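Asks: Got a structure for you, questions after.
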2 protein chains.
Amino acid sequence: MTKNTLSQYCKDKIQLIDKALSQYIPEQNYPPIIYESMRYSLFAGGKRLRPIMLMAAGDAVGKDGTSFLPVACGLEMIHTYSLIHDDLPVMDNDDYRRGKLTNHKVYGDGIAILAGDGLLTAAFETMLSQTNVEPQVLITVVKEIAAAAGPAGMVGGQVVDLESEGKTIDAKTLEFMHQAKTGALFKAALRAGAMLAGANQEQLRALSCYADQFGLAFQITDDILDVTGTQEKIGKPVGSDIRNHKVTYVTLHTLEGAKQLAHQAVNSALCNLNDFGPKAETLRQLVNHLINREA
Amino acid sequence: MTKNTLSQYCKDKIQLIDKALSQYIPEQNYPPIIYESMRYSLFAGGKRLRPIMLMAAGDAVGKDGTSFLPVACGLEMIHTYSLIHDDLPVMDNDDYRRGKLTNHKVYGDGIAILAGDGLLTAAFETMLSQTNVEPQVLITVVKEIAAAAGPAGMVGGQVVDLESEGKTIDAKTLEFMHQAKTGALFKAALRAGAMLAGANQEQLRALSCYADQFGLAFQITDDILDVTGTQEKIGKPVGSDIRNHKVTYVTLHTLEGAKQLAHQAVNSALCNLNDFGPKAETLRQLVNHLINREA
């Protein structure tokens with residue numbers, strides 16, 4: 001699969017995901033302001049990485065990943081809610097995301113909080129509307145996604161992020177923070193796709209390891225881009241980590257060290273796909289693309 | 001069942017609920033601050049009305065309501081999250097709740113938002129850990145609870161509440177607001193208990209109607225207590241509705257008119273329990289107690 005093939009794969013899936021998201025969170029609804037606000041962030045140019053990963057994991061196990069659209073869309077809603085809340089003035093206080101004003105800058109803090117709450121709640125309603133799988137498998141999957149998004153996962157990661165602002169944290173705390181804040185939901189996405197597609201224990205184990213390394217590579221690349229990227233491409237001011245005295249993989253390991261760590265994580269991720277053959281080609285391309293991304 | 005019997009019923013259930021909640025959201029966990037913050041509000045003296053209603057509905061259908069503890073506790077977590085977010089400065093800006101400082105006054109706005117997010121997410125993980133029911137029934141129940149808590153339910157009600165502050169709203173908008181903000185989750189609690197216990201269609205319909213009238217009576221009584229209550233008993237300043245120029249059942253219908261409406265709702269609620277016999281005694285006592293409550 002060439003980069004063009006990956007880009008076509010993503011384009012196709014994004015079309016399906018966007019259409020479905022637009023049905024789950026419809027335009028005409030009451031009260032209008034909350035639907036408008038949720039849709040503003042839901043359709044603000046997200047790359048749909050988590051739903052695509054879920055689908056690609058389903059493909060790798062031999063099922064059509066697009067048949068798990070409800071669970072996939074739920075993941076995107078959870079991701080979007082977390083961005084809205086993270087951007088709030090009392091959190092990271094960001095005015096821009098992906099080159100657009102953040103939700104609270106447009107709708108105010110109150111509605112932004114509620115839009116996040118609404119998306120998080122709607123995510124569970126949406127995921128539980130998945131029909132073509134064994135009910136007990138769906139329960140296991142959605143429960144795992146909840147755990148990954150909750151206080152021991154994404155929420156916990158954001159807590160550590162918030163609490164460590166302006167403080168020097170050690171490498172171990174940094175790793176927990178990223179694993180919880182970003183890695184846990186990536187991993188849940190991969191595992192969800194695998195479990196929904198009926199993966200066996202060995203496949204599930206391999207895809208879990210792939211997910212861990214993918215998450216690590218993703219975060220290191222993020223830290224690198226904050227130094228080497230341009231505002232035009234990443235859609236937010238660069239160098240904000242340094243200005244905010246944040247500890248990152250770059251500040252801990254230097255730019256060259258961070259690049260090496262990222263390459264190592266990518267190689268390790270790829271290793272775990274060996275037994276899947278050509279069906280895992282999208283997962284291979286995704287992690288390769290990740291390290292070469294500019295945004 | 002006398003009032004003392006109801007009070008003993010509630011005492012027994014609260015003990016079970018509190019013990020289970022304390023296991024679901026344990027004290028010793030990382031990051032400690034988020035668990036402390038979630039527990040602060042979770043154990044701030046809540047009456048556990050929603051989980052008790054779920055259990056009482058299960059009893060009414062002939063099952064032991066306490067066997068649905070995970071779903072019941074999930075409802076309490078959802079209720080608690082909504083209080084934390086509603087109290088925030090950018091929402092209702094309340095410093096006290098049940099006589100104690102609100103979550104954000106103790107932990108700051110950022111952690112309070114995350115404590116709410118954490119409880120909402122943990123609620124779904126907890127509910128989906130319910131084991132002694134058909135998986136498909138559990139899915140239906142949790143999906144309905146999500147819908148009741150989401151943008152078309154509780155979140156939507158809070159949006160209307162927020163948007164109508166300082167404005168004059170009509171009776172229809174007021175009714176939507178309360179139905180969505182409070183009534184929807186009451187109804188979901190009742191219906192969840194009934195469905196988990198294997199209610200037939202007729203029983204489910206009757207309990208749904210009971211729930212609608214219960215929710216209405218609850219809200220009217222709330223509005224009445226804001227005028228006739230004391231801060232000592234209701235745990236927050238009285239008269240805040242009038243000071244905030246809020247439209248309430250009292251401002252719309254006078255105090256006497258509101259009392260009549262409340263009685264009418266209680267009678268209608270009781271009517272729907274006729275076919276359940278003695279097994280619905282707790283539900284009868286609950287709605288009777290409601291209208292005589294002082295807090």
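Asks: Using a Gaussian network model of chain B with C-alpha springs under 10 Å, which one of B:Val160, B:Val142, B:Val90 is most mobile by mean-square fluctuation?
Replies: B:Val90
Asks: So which residue, out of A:Tyr210, A:Tyr81, A:Tyr40, gets the largest mean-square fluctuation from a GNM of chain A using Cα contacts under 10 Å as springs?
Replies: It is A:Tyr40.
Asks: Separate question: Counting residues in segment A:74-229 as N, plug N into 2.2 N^0.38 Å and put the Cα Rg over that result. Please list the in-between numbers first.
Replies: Details: Rg = 16.6 Å, N = 156, 2.2 N^0.38 = 15.0 Å.
Against the empirical 2.2 N^0.38 Å value, I get 1.11 for segment A:74-229.
Asks: Could I ask something else about it? What is the interface area between chains A and B, defined as buried accessible area summed over both chains with a 1.4 Å probe, reported in Å² to the nearest 100? Intermediate values should be presented prior to the final figure.
Replies: Working: alone 13790 and 13810 Å², together 23810 Å².
The contact between B and A buries close to 3800 Å².
Asks: Taking amide H positions as placed in the peptide plane 1.01 Å from N, state which residues far from A:Tyr96 in sequence (5 or more) or on other chains have amide H under 5 Å from it.
Replies: A:Thr102
Asks: Using alpha carbon centroids, what distance separates segment A:57-104 and segment B:35-80, in Å?
Replies: 30
Asks: Using only the Cα atoms, what convex hull volume per residue in Å³ does segment B:83-147 have? Walk me through the intermediate numbers first.
Replies: Working: hull volume 6.6 nm³, N = 65.
Output value, Cα hull per residue: 102 Å³.
Asks: Hey, any idea what % of segment A:3-292's accessible area is carbon plus sulfur with a 1.4 Å probe? Spell out each step's value before the answer.
Replies: Working: 5740 of 11550 Å².
Heavy-atom surface of segment A:3-292 belonging to carbon and sulfur, 1.4 Å probe: 50 percent.
Asks: At 20 Å minimum axial length over the Cα atoms and a Kyte-Doolittle cut of 0.5, report the qualifying DSSP H helices in chain B, or say none.
Replies: B:109-127, B:135-149
Asks: Along the charge dipole of segment B:1-136, pointing to its positive end and built from +1/-1 on Cβ of Lys, Arg, Asp and Glu, which listed residue (B:Leu88, B:Val106, B:Ile52) has its Cα farthest out?
Replies: With unit charges placed on the Cβ atoms, the residue in question is B:Ile52.
Asks: Counting only the heavy atoms of the protein chains, how much of A:Tyr9 is accessible to a 1.4 Å probe, in Å² to the nearest 10?
Replies: 30
Asks: Taking 0.36 nm per intervening residue step and subtracting the Cα-Cα distance, what contour gain separates B:Asp12 from B:Asn132 on full extension? Mind dumping the intermediate values first?
Replies: Details: separation 120, 0.36 × 120 = 43.20 nm, distance 2.13 nm.
The span from B:Asp12 to B:Asn132 would gain 41.1 nm if fully extended.
Asks: Which net charge results for the neighbourhood of A:Val90, defined as the other residues with beta-carbon distances under 10 angstrom from its beta-carbon, given Lys and Arg at +1 and Asp and Glu at -1?
Replies: Details: positive: none; negative: A:Asp92, A:Asp109, B:Asp109.
Taking every Cβ under 10 Å from that of A:Val90, the sum is -3.
Asks: Show that you can apply the helix-only estimate: for the protein assembly as shown, add -39,500 (n - 2.57) for every DSSP H stretch of four or more residues, divide by all residues, and state [θ] at 222 nm to the nearest 500. The partial results should precede the final answer.
Replies: Values: 30 runs with 412 residues, N = 590.
Computed ellipticity for the protein assembly as shown at 222 nm equals -22500 deg cm²/dmol.
Asks: Now for a separate question. Over chain A, with a Gaussian network built from C-alpha contacts below 10 Å, which listed residue (A:Cys209, A:Cys73, A:Cys271) shows the highest mean-square fluctuation?
Replies: Among A:Cys209, A:Cys73, A:Cys271, the largest GNM mean-square fluctuation belongs to A:Cys271.
Asks: A further question on this structure: Within a Cβ distance under 11 Å of B:Phe276, other residues only, what is the Lys/Arg minus Asp/Glu net charge? Intermediate values should be presented prior to the final figure.
Replies: On the way: positive: B:Lys279, B:Arg284; negative: B:Asp59, B:Glu202, B:Asp275, B:Glu281.
Cβ neighbours under 11 Å give a net charge of -2.
Asks: Return one whole number: the accessible area per residue of segment B:3-292 in Å², for a 1.4 Å probe.
Replies: Numbers: 11580 Å² over 290 residues.
Ligands and nucleic acids excluded, the figure is 40 Å² per residue.
Asks: Convex hull over the Cα atoms of the protein assembly as shown, averaged projected area in nm²?
Replies: Here the figure is 25.4 nm², rounded to one decimal.
Asks: Just to compare against my own numbers: the Cα pair-distance distribution for segment B:38-162, 5 Å bins, whole % per bin, please.
Replies: 2, 11, 19, 22, 19, 13, 8, 4, 1, 0
Asks: In nm, give the distance between the simple-model label positions of B:Gln264 and B:Val106, each being 7 Å from the Cα along the Cα-to-Cβ direction.
Replies: It is 4.1 nm.
Asks: A follow-up question, please. Keeping all protein chains in position, work out how much accessible area A:Arg191 exposes to a 1.4 Å probe, and write it in Å² to the nearest 10.
Replies: About 50 Å², rounded to the nearest 10.
Asks: Separate question: In square angstrom, rounded to the nearest 10, how much accessible surface does A:Thr254 have for a 1.4 Å probe?
Replies: 90
Asks: Then there is this: Report the far tail of the P(r) of chain A, meaning the percent of Cα-Cα pairs longer than 29 Å. Don't jump to the answer; show the numbers that get you there.
Replies: Working: 13619 of 43365 pairs.
Considering chain A, 31 percent of its Cα-Cα pairs are separated by more than 29 Å.
Asks: With +1 on the Cβ of every Lys and Arg and -1 on the Cβ of every Asp and Glu, and nothing else charged, how large is the dipole of segment A:3-292 about its Cα centre, in debye rounded to the nearest 20?
Replies: Working: 27 positive and 32 negative charges, 117 e Å.
Dipole magnitude for segment A:3-292 comes out near 560 debye.
Asks: Here's something else I'd like to know. How long are the three semi-axes of the equivalent ellipsoid for segment A:184-284, computed from the Cα gyration tensor as the root of 5 times each eigenvalue, in whole Å, largest first?
Replies: Working: eigenvalues 189, 38, 27 Å².
For segment A:184-284, the ellipsoid semi-axes come out as 31, 14, 12 Å.
Asks: Working from the alpha-carbon coordinates of segment A:1-78, get Rg over Rh, Rh being the Kirkwood radius.
Replies: Working: Rg = 13.6 Å, Rh = 13.2 Å.
Rg/Rh: 1.03.
Asks: I want the local charge near A:Tyr210. Using Cβ-Cβ distances under 12 Å, sum +1 for each Lys or Arg and -1 for each Asp or Glu among the other residues.
Replies: +2
The values are calculated or read from the model by the stated rules, or taken from the named source; none is laboratory data. The structure displayed is predicted, hence computed values, not measured ones. We place every Cβ from the backbone using ideal geometry, glycine too, and count neighbours over all the protein chains shown. Note: areas computed on protein heavy atoms with side chains; ligands, DNA, RNA excluded. Shrake-Rupley method; radii C 1.70, N 1.55, O 1.52, S 1.80 Å.
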